[in-house]
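A short write-up of the structure that comes next.
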Amino acid sequence: EFVIEPAGSTEEAALEAEVNGEEREAEIEDIAPGQTAELEWTFTEPGDFQFACHLEDHFQAGMVVEIEVVE
């Protein structure tokens, strides 16, 4: 799993946005070992966010990184 969410989230809280009239979440589910996936996301506001995996024990094991988006 890969999710973009507000920094400090401890449970999945994917960002949402409307793209070409369609609601999208900043999340990819069910990425199997050895598989690749792609997520294109444009941040519309500055702030602190994180990339994370909330599968059992993954987040707690450190599968999270914080980023700062600036204007």
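The values are calculated or read from the model by the stated rules, or taken from the named source; none is laboratory data. Keep in mind that what you see is a predicted model, and the values were worked out from it rather than measured. Cβ coordinates were reconstructed from backbone atoms using ideal geometry, including for glycine residues, and neighbour counts include every protein chain displayed. Side chains are part of the model used for accessible areas, which takes the heavy atoms of the whole protein and leaves out ligands, DNA and RNA. Shrake-Rupley method; radii C 1.70, N 1.55, O 1.52, S 1.80 Å.
Worth pointing out:
- In the full protein context, the chain carries 74 Å² of accessible surface per residue, based on a 1.4 Å probe and ignoring ligands, DNA and RNA.
- Amide H within-cut-off set for Q50, under 5 Å, with H built and near neighbours excluded: E5, A7, I67
- Taking only the C-alpha atoms of the chain, the Rg (one decimal) and the largest Cα-Cα distance, Dmax (whole number), read 12.5, 37 Å.
- Here the accessible area is traced with a 1.4 Å probe on the protein chains. For the chain, carbon and sulfur cover 45 percent of it.
- In a fully extended conformation the segment linking E23 and E66 would gain 13.1 nm over its present Cα-Cα distance, using 0.36 nm per residue.
- Considering only chymotrypsin sites (Phe, Trp or Tyr not before Pro) in DSSP loops that have at most 16 other Cβ atoms within 10 Å, the longest stretch of the chain without any of them is 1-40.
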